[in-house]
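Student: Okay, handing you the structure first.
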């Protein structure tokens, strides 16, 4: 006889993900840096750095989505015209870093950990892509819009939207209705109890990868910025990996060959605001997806 599911366990996958990530979501919301950002304490250098990390993350995510677009474990969530961010981020990279942006944008160790996890999932456990796509894209449609308004005002950016293409979804008329559609599609995915459990755990890992990115910046920027690398995303050369920059045992630890590091930021007041903004992109855009 099948044991009835407790009332505390939501039946729908989208609700289960929301419930399971409440704790890490709360951690993100209560960080001091988020409050600083909400006051408009943002620098151009900090914003550029975070946007570069987002570029690398979305390139990896969307490469794996394309790889699995016909796989039934992901197909119902395939909305490239509505959601995909790579093209928009390429516009933003050109705005912030100039015409040779592919040669100059930074690629940090924590960003590499995140992208390696996305590639590993897409190639070996594609059913787990659901967790990453859900936390990122629904975050972009929720908390990411708050970030856009704050950054536009604090950085005195053009009202026409240059530098903020990432936050604009021209093919989505109503974010609220689209999120409802997306959750409904998620809830139609057929999963065994074990796969469902792994998807929920992967959603937690997605949050932890974002928090790891913030922690790396906090560490690197207070230790003479050791560990930065500017490198083209296509070649993805290595960056020194800190021994403590690990998120769960499933994340690969092997790094490609190293390149000489370049110091691209100096210490000072920038550190405080850079950390603030980094955390906001990785937690506002992710942590407020339930709005």
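Student: Suppose each label sits 7 Å from its Cα in the direction of the beta carbon; what would the residue 174-residue 82 distance come out to in nanometres?
Tutor: 1.2 nm
Student: For region 130-192 and region 56-91, what is the separation of their C-alpha centers, rounded to whole Å?
Tutor: 14 Å
Student: Points 7 angstrom from Cα along the Cβ direction at residue 125 and residue 155: gap in nanometres?
Tutor: Calculated label separation equals 3.4 nm.
Student: So if each residue of separation counts as 0.36 nm, and I subtract the Cα-Cα distance between residue 23 and residue 162, what length gain in nm does that give?
Tutor: So the extension gain works out to 46.5 nm.
Student: Provide the packing ranking of 166-177, 131-142, i.e. peptides ordered by the mean count of other C-beta atoms within 10 Å per residue, highest first.
Tutor: Order by mean packing, descending: 131-142, 166-177.
Student: Sticking with this structure for a sec: With labels modelled as points extended 7 Å from the Cα through the Cβ direction, what inter-label distance (nm, one decimal) is found for residue 100 paired with residue 11?
Tutor: 6.0 nm
Student: Determine the shape class of region 89-151: with a ≥ b ≥ c the square roots of the Cα gyration tensor eigenvalues, call it rounded for a/c under 1.5, and otherwise prolate if a/b is greater than b/c, oblate otherwise.
Tutor: Oblate is the answer for region 89-151, as a/c is 1.5 or above yet b/c matches or exceeds a/b.
Student: Here is a further query. Once you have a ≥ b ≥ c as the square roots of the Cα gyration tensor eigenvalues for region 34-152, tell me rounded if a/c is under 1.5, and otherwise prolate or oblate according to whether a/b is larger than b/c.
Tutor: prolate
No lab work stands behind these numbers, since they all come straight from the coordinates. Small disclaimer: the values here were computed from a predicted structure and weren't measured. When we count neighbours, we look across all protein chains shown, and the Cβ atoms used for this are built from the backbone with ideal geometry, even at glycine.
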